[in-house]
Amino acid sequence: MADRRYVRRFGRSERLQHLVLLVTFLGLAATGLPLLFSDAAWARPMAQLLGGFGVTGTLHRIFAASLIAVSLVHVSWIALRVLRGERGVLWGPTSLVPQPRDLVELYRHVRWFLWRGPKPAFDRYTYWEKFDYLAVFWGMVIIGGSGLMLWFPEFFARFLPGWAFNVALLVHGEEALLAVGFIVTIHFFNSHMRPRKFPMDMVMFTGVVPEEEYARERPLEYARLKSKAALEALLAPPPDPRFERRARLGGGVAIAVGLMLFVLIVVASLTR
Amino acid sequence: MVRADGRPVVVRPDAFAASIHGGLSCIDCHADLATVSDFPHPERLAPVSCASCHDEPAAGLMRSVHGTVSAAAGGALQCAACHGPPHQIKPSSDFESPTHKLQIAETCAECHSGLTGPGARRGPAVAGMFADSIHAMALERTTVAPACTDCHHSHDILRKTDAKSPVHPPNIPAACGTCHGEQRRLFGDSVHAERLAAGSPGAPQCASCHTAHRMAATASDEWQLAAVEQCGTCHREALATYRDSVHGQVTALGFTPVAKCADCHESHQVYRVTDARSSVSPQNLLTTCRTCHPSATPNFVQFQPHANKEDRDRLPALYYAALFMDGLLLSVFVFFAAHTLLWFARERIGPSDEGAHHG
């Protein structure tokens, strides 16, 4: 195992962005859910636990500002890469932008689910990973936008009609419910907890993936890297075991918190 | 020496002399004693009628709920039940008297504390509630604060269902207004007072929100949050839509520094929205919102704090936004639930054919 080769899939910046996203997302969910489900039995104790009215609200805004900041950094980072002439960012096999190919892969993947065909060969990003990624953009615009409206209503009311705030309040909660529900069930399953990945996929934390796993899961990307002789440059040493242990612990805590929030949502919905 | 029931066998001259009746002679009350010439007089004398001097209080007692208490509940009350042993009665101005203002609550509590014992009389158990009220706390500082008799009277106490009772709901504002004159004035021509005067059942008066005996400080969080629920007992839809707003969600979590019913609608001066005097009338709305949102604009106050997302006519934008969000959530979750379950089943039970395509 010592000479097992690893391929670098995510850089330091991407991993750090994911980490900030993860922490702020769960923080926003934990501080926002008591308000959204204020009639649930757990809402009052949880709001008290998080520091009460003033503190919970302040934490929510700190997480929100951090998430908005990391989103702006991310968009600037993409823009910079495009401006620098990096190819394959906005289109092509290495891009996260949905393309006709993704529909074909979805179709083939479902056929594979139903034992009606071979598993499709995926490239650098699969269709469900693109959905996860773009959902964050959609969520940032909808939840972030409505959140800012609710944070600074007096400013936004200078040019927005009153009903816009009714819509903002509704949409902020509903979209948050969608985001939390999606992340802690679908994203957790697809990326971490499905049988082949259980309990979690470490690549977003360590940045590297074993070469044979890469070749098996993303054969098109692997073949292209090999043919372009780009693979050598991406080979990396195995992750530091101590770092990996810490990352596993942190990731595990995040998954546990996420699932706990999901249970609270289910309890609140069933007892409403 | 005392009898089996605790009454003294003899009248103690010193105690009697110190009582308010100390100046009277025995036969002033015990009229039958005047005709006795052979002493010692018989063991039992005829019952004394306090009414021979105190005709008005006695008549009041006869008419009162205490005068008509059923035998099952202990029978009608006699003067001594409240005023103490007949030969030791003190004036109500005496601190020692059971009818002194500071002693009244305790005296009433003998029957109104919910305690039961052999032969105990029982009335509604309200003494404990009163003991914790701001009225009882104020009584420790000033005798201006009310004791039981200030609201219920002393001899002619009537049930609250009796239209002549000062605590009959339509009469309550007048009773409370004896001390709380300004609140009574403000409440006076509110829509609530209007309904109350019209005899509308359930129309609110002071005690509806403030309670009758418990009477918490209005500055307490507990009372303010309870008041919101109280408004909701009549204004059900308003409470439901309030709970959908940030204001209502924050108060549902037990925190009070956001708008509660009375912060926008006023507490005593509640008028219809169409009434220009209403704090939420179109003329006054901006001023009212600015209490908490100082730079609110006319646009800002078009926000509907009691929005119902199912009311298409009133807020079409919200209705369609809710419809869209429902559709979005449903389609995303249904699609991915199916996708995920199929994937799970395939990976779990199926032999992997991964790698087959690049072999």
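FYI, it's all coordinate maths here, none of it is from the lab. All values reported here derive from a predicted model rather than from experimental measurement. Methodologically, a virtual Cβ is constructed for each residue, glycine included, from the backbone with ideal geometry; neighbour enumeration extends over all protein chains shown.
Centroid-to-centroid, using Cα positions, region B:25-48 and region A:66-119 are 111 Å apart. Name the residues of region A:183-197 whose amide N is less than 19 Å from a point 7 angstrom out from the Cα of A:VAL136 along the C-beta direction? Correct set: A:183-193. Note on B:ARG277 and B:ALA31: with the Förster distance fixed at 41 Å, the Cβ-Cβ geometry gives a FRET efficiency of about 0.05. Around A:GLY162, under 14 Å between beta carbons, what's the net of Lys plus Arg minus Asp minus Glu among the other residues? Residues close to A:GLY162 contribute a combined charge of +1. Centroid-to-centroid, using Cα positions, region B:221-276 and region B:164-212 are 20 Å apart.
Taking Cβ atoms as reference points and 11 Å as the exclusive limit, the residues near B:CYS111 contribute a net charge of +1, counting Lys and Arg as +1 and Asp and Glu as -1.
Where does the charge balance sit around B:SER295 when Lys and Arg score +1, Asp and Glu -1, over other residues with C-beta under 10 Å from its C-beta?
Around B:SER295, the surrounding residues sum to +1.
The simple Förster model, with R0 at 41 Å and r as the Cβ-Cβ distance, assigns A:LEU90 and B:THR291 a FRET efficiency of 0.20.
Across A:LEU33, A:LEU96, A:LEU83, mean-square fluctuation computed from a Gaussian network of chain A (C-alpha pairs under 10 Å connected) peaks at A:LEU83. To test your reading of the geometry: what angle, between 0 and 90 degrees and rounded to tens, separates the Cα axis of helix A:163-181 from the longest principal axis of chain A? Result, in degrees: 40. Taking the Cα of A:MET202, stepping 7 Å toward and past its beta carbon, and measuring to each backbone N in region A:219-260: which are under 17 Å? Backbone N within reach: A:236-255. Simple spin-label estimate for A:LEU16 and B:LEU329 gives 3.7 nm between the two label positions (7 Å along the Cα-to-Cβ direction from each Cα). Taking a ≥ b ≥ c as the square roots of the Cα gyration tensor eigenvalues, with a/c under 1.5 meaning rounded and otherwise prolate when a/b beats b/c, else oblate, which class fits region A:213-272? Verdict is oblate for region A:213-272.
The fewest-to-most ranking of B:ILE20, A:ILE143 by surrounding Cβ atoms within 10 Å reads B:ILE20, A:ILE143. The alpha carbons of the protein assembly as shown stretch over 138, 59, 42 Å along the principal axes, in descending order. Look at the Cα gyration tensor of region A:142-214: its axes a ≥ b ≥ c give a/c of at least 1.5 with a/b over b/c, and that counts as prolate. Placing unit charges on the Cβ atoms only, positive for Lys and Arg and negative for Asp and Glu, gives region A:34-165 a dipole magnitude near 420 debye about its Cα centre.
As a rough footprinting exposure proxy, the listed residues B:CYS261, B:CYS151, B:CYS53 were ranked by other beta carbons within 10 Å of their own, and the order from fewest upward is B:CYS53, B:CYS151, B:CYS261.
Is the shape of chain B best called rounded, prolate or oblate, per the rule: a/c under 1.5 gives rounded, else a/b larger than b/c gives prolate, else oblate, with a ≥ b ≥ c the square roots of the Cα gyration tensor eigenvalues? Verdict is prolate for chain B. Measure nothing fancy, just the Cα-based angle from helix A:127-139's long axis to the longest principal axis of chain A, in degrees from 0 to 90, nearest 10. The angle comes out near 30 degrees. Here the convex hull built on the C-alpha positions of region B:216-307 has a volume of 100 cubic angstrom per residue.
By the beta-carbon count within 10 Å of each Cβ, the least crowded to most crowded order of B:THR287, A:THR31, fewest first, is B:THR287, A:THR31. A Förster radius of 22 Å combined with the Cβ-Cβ distance from A:ARG5 to A:ASP240 puts the calculated FRET efficiency at roughly 0.85.
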